[in-house]
1. Scan the stretch 141-158 and give yes if some residue there is over 20 Å from LEU278 (Cα atoms), open to solvent by 40 Å² or more (accessible area, probe 1.4 Å) and touching a Lys or Arg at 6+ places or on another chain (Cβ under 6 Å), otherwise no.
2. Checking SER203 against (1) modelled with pLDDT under 95; (2) part of a helix (DSSP H, G or I); (3) open to solvent by 50 Å² or more (accessible area, probe 1.4 Å), which single condition isn't satisfied?
3. Going by what's in this entry, would LEU263 be described as open to solvent by less than 30 Å² (accessible area, probe 1.4 Å), more than 29 Å from LYS122 (Cα to Cα) and either modelled with pLDDT of 95 or more or not in a loop (DSSP other than H, G, I, E, B) (or both)?
4. Quick one: would you say ALA193 is in contact with an Asp or Glu (Cβ under 9 Å, 6 or more places away or on another chain), over 23 Å from MET282 (Cβ atoms), in contact (Cβ under 8 Å) with a residue 24 or more places away in the chain and surrounded by 14 or more Cβ atoms within 10 Å (Cβ to Cβ)?
5. Among the residues of the stretch 63-77, what is the count of those that are in contact (Cβ under 8 Å) with a residue 12 or more places away in the chain and over 22 Å from TYR145 (Cβ atoms)?
6. Filter the stretch 207-235 down to residues that are in contact (Cβ under 8 Å) with a residue 40 or more places away in the chain, small (Gly, Ala, Ser) and closer than 21 Å to LYS170 by Cα and give me whichever is surrounded by the most Cβ atoms within 10 Å (Cβ to Cβ).
7. Only one of ASP125, ASP142, ASP129 is at positive phi and either at pLDDT below 95 or of a type in the set (Asp, Glu) (or both). Can you tell me which?
8. Would you please name the residue that is surrounded by the fewest Cβ atoms within 10 Å (Cβ to Cβ), looking only at residues in the stretch 277-306 that are free of Cβ contacts under 8 Å to residues at least 24 places away in the same chain and under 13 Å from ARG166 (Cβ atoms)?
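The values are calculated or read from the model by the stated rules, or taken from the named source; none is laboratory data. Just so you know, these numbers come straight off a predicted model, no measurement behind them. Don't worry about glycine lacking a Cβ; one is built from the backbone with ideal geometry, like all the others, and counts go over all protein chains shown. For the accessible areas, the whole protein counts, side chains as well, though only heavy atoms, and no ligand, DNA or RNA atoms are used. Shrake-Rupley method; radii C 1.70, N 1.55, O 1.52, S 1.80 Å.
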Amino acid sequence: MEKNLLPELPYKGSETQKLTLHLFFQIMGKIRMSFSSRKNHWWYITLYVDTKGFTTGPIPYGDQFKTFSLLLNLQQHKLEVATSGGEEAFFSISEETSVADFYLQLQGILKRFRIEPKILDKPFDLNIDRRFKDLHDIKAYDIDYVQRYYKVMLWTSNVFRTFGGRFYGKTCPVHLYWHSIDLAVTRFSGKRAPKMPSEARISDKDAYSHECISFGFWPGDPNIPQPAFYSYTSPAPKAIQKTDLALAEAQWVENNGSWLAILPYAELLKKERPADVLLDFMESAYLAGARLAGWDIEDLKVPPLSAL
């Protein structure tokens, strides 16, 4: 059955393994951000699930004839760098690879290829006030953990793509936000959102400039110490937490003054058709937010080709 293909992915006991991978992602994402042209809602800084692991996709540099890409190959456990000029290099990753090792080896390859990223070389939003090159003590690359993590993310990415294709309005790519290590897909009504307070973070001002309903997956954090799927509506409609979700196992959880619809990943391990269960959860969270926010739900449905 499909449920047997989904591996367990415990957060507790794997915090350092997750943090090590998280910091690898942050290094890759910051390098992409340093070269990429701005795109709405921070879509230009993200990473993508790839057939081998996680990639930046092509990053422009130099003139308009040059790109390079970074691929964290979780099947062969190495970081690969390739350029449009045919240059290729990699370094292997093992349980002995610290965050400092990862950063310094990657910087060495980029320097050899005459690629010079300008980044703030510190972790973002992780309460670590040290430079990447000094993080020799964070090294917990665990092959079993990263393979299970990748399998879950690959499956989730494919289900998210199915869900994204059911909406006729603006939808972001399925991508990984490295600041919080969550895989996400977001739907937009097409309307501008009320302007956020001046003291709000610039990242939030751009992310939530327009009405949206977002869906995602993260592998757990101190606030929700288990892997889970989520959805939230921004701006958050009043009383959304009183609406019903498709599954009894799902619930509304308050988070920084807003409400998240949460479906624990562990619940999918119990289901015979987990993809259908996840799609039902996301659809119910979408309808809860869209109805209360006054979206034109019928107009945003994908019509059959015969109706075009």
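1. no
2. The one condition SER203 does not meet is (3).
3. Judged against the criteria, LEU263 is a match.
4. Taking the combined requirement at face value, the residue does not satisfy it.
5. 5
6. Filtering first and then ranking leaves SER231.
7. On inspection, the qualifying residue turns out to be ASP125.
8. PRO304
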